[in-house]
Amino acid sequence: MTEQRLPQVDNVKTALVAWVIGGHALAGYTAVGGWPYDEVNEVSFTPAGELVLVAVVGPSGMFVIGGFFFLAGLFTPRSLERKGLRRFTLDRMLRLGLPWAATAFLIWPLTMWLAYRVAGHDGSVWWVVTHRYPLFDAGSLWFAFVLLLFSIGYAVWRTLWPADEDAPAPGAGRLVALAAGIAVSSFLVRLWFPAKSGQIFDLHLWQWPQCLAMFLLGLVCARHGWAREIPDRIRRASTIVAVVTLCLVPVLGIAIGITDLAADIGPFLGGWTWQAVTTVIVEGVLVVAGSLWLLGLAQRHLTQHGRFAGACSRAAFPAFVIQGPVLILLALALRPVAAPAEVKAPLVAAAALVGSFWLAWRLVTRAEPARASRHAR
């Protein structure tokens, strides 16, 4: 995502990718779902175990995807300025569109067909494509397709209407308004597209308000150098808000009497319910404050990386791309092992983190000489 390497941004990106891979591994063994292995899993967490898992991991998941879009927005203006509309669009098509298309139309159908076969379901690859929901699901690569749409849309817009270079940096008031806007728009969108619902290509339309808002925030903040340094006042306030909210969410869940997440989650996903209102408010607060908090934390404490961290950052996006097949294959390999989900899920998570980043690093190091040769010509 970055044109100029900034260790603090690279380290945040690596952490977010690692969170996504680990989170997907765990979600595949939950009753509430969130990762396609839940369609064929042989064991799942107990209700109590799942409740603890969601209480510990769940709140941070509300701002991970928004954090990706924020980071992408921080570097998009500079990339467009340097490359121009045509080259920028081609670059994004190759970097984002090609992996998405390959995954949606080939890799993911084959992966899920294998998962269904191992789980004892008959059916062809085409049957899996046409009978699984949503149609043409691309696993985690929906993110790449949506980012592609946003990026090209911004590039066309900016080419027609140049940016106002004198626009002020966002202050606390505007950030609060942004969080409120995310909450309101998310609530309205989820009246038609509830959270966790599927659409063709699994576009996660219910998540678009936070994705678009955080991408736009990144675009605005890019002009003011926030990739290098978030203003101290904003960083401190975001830290307090994010940490307090993360701590309060599990307490709130206990207070309102959630005991079985799979049975109780429905009203939180969307509709005219106080639970849906509470969800979007928490999400709006966390995605804005949490994204700024993570980047601010890295800017203060993770401004350098050694050989290992540097390798991980270079492999982060390829690891994100290939995580789906890696996760499914590892879960299938552990399928014959007689162990509860509380054991299998962490094992799959750990192995998938190592496997995804290692394979991605191998791909990166093999591709770099060829890329350097093309640039030399």
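Rule-based calculations on the coordinates, nothing more; no lab input. Source: prediction; values computed, not measured. Reconstructed Cβ throughout: ideal geometry from the backbone, glycine too, with neighbour counts over all protein chains shown.
Dividing the alpha-carbon Rg of segment 241-373 by 2.2 N^0.38 Å yields what?
Here the Cα radius of gyration is 1.42 times the empirical estimate.
Send over the Kirkwood Rh of segment 130-233, from the inverse of the averaged 1/r over different Cα pairs, rounded to one decimal Å. Let's see the in-between values first.
Working: mean 1/r = 0.0635 Å⁻¹.
Kirkwood radius, segment 130-233: 15.8 Å.
Charge dipole of the chain (Cα centre as origin; +1 on each Lys and Arg Cβ, -1 on each Asp and Glu Cβ, all else neutral): 1520 debye, rounded to the nearest 20. Considering only Met62, Leu203, Val321, the residue lying farthest towards the positive end of the dipole of the chain is Val321, judged by Cα position with unit charges set on Cβ. When Rg and the Kirkwood radius Rh are both evaluated on Cα atoms of segment 182-256, their ratio Rg/Rh stands at 1.07.
Highest mean first, what order results for 330-342, 132-144 on Cβ atoms within 10 Å? The partial results should precede the final answer.
On the way: 330-342: 15.4, 132-144: 20.0.
The peptides rank, most packed first, as 132-144, 330-342.
Here is the list for segment 1-93: GluC sites (Glu not before Pro) lying in DSSP coil, each with at most 14 other C-beta atoms within 10 angstrom of its C-beta, are Glu3. Treating segment 45-178 as a set of equal point scatterers at the Cα positions, no solvent, please give the Debye-formula log₁₀ I(q)/I(0) at q = 0.10, 0.15, 0.21 Å⁻¹. Log10 I(q)/I(0), no solvent term: -0.55, -0.96, -1.21. From helices alone, the chain scores -24000 deg cm²/dmol at 222 nm; the rule is -39500 (n - 2.57) for each run of n ≥ 4 DSSP H residues, then divide by the residue total.
In order along segment 336-349, phi translates into HN-Hα couplings of x, 6, 7, 8, x, 4, 4, 9, 5, 4, x, 5, 4, 4 Hz, rounded to whole numbers, per the Karplus curve 6.51 cos²θ - 1.76 cosθ + 1.60 with θ = phi - 60° and x for Gly and Pro. Per the Debye calculation on segment 27-117 with a single equal scatterer at every Cα and no solvent contribution, log₁₀ I(q)/I(0) for q = 0.16, 0.26 Å⁻¹ amounts to -0.89, -1.19. For the peptides 187-196, 119-128, 289-298, 355-364, the ranking by packing is 289-298, 355-364, 187-196, 119-128, with the highest mean count of neighbouring Cβ atoms within 10 Å listed first. Here the 3J(HN,Hα) profile of segment 19-24, calculated from phi with Karplus coefficients 6.51, -1.76 and 1.60 at θ = phi - 60°, is 4, 4, 4, x, x, 5 Hz, Gly and Pro shown as x.
Take the Cα pairs of segment 224-289, get the Kirkwood Rh, then feed it into Stokes-Einstein at 10 °C and 1.306 mPa s and tell me D in µm²/s. Before the final figure, lay out each step's value.
Values: Rh = 13.7 Å.
Approximately 116 µm²/s, per Stokes-Einstein.
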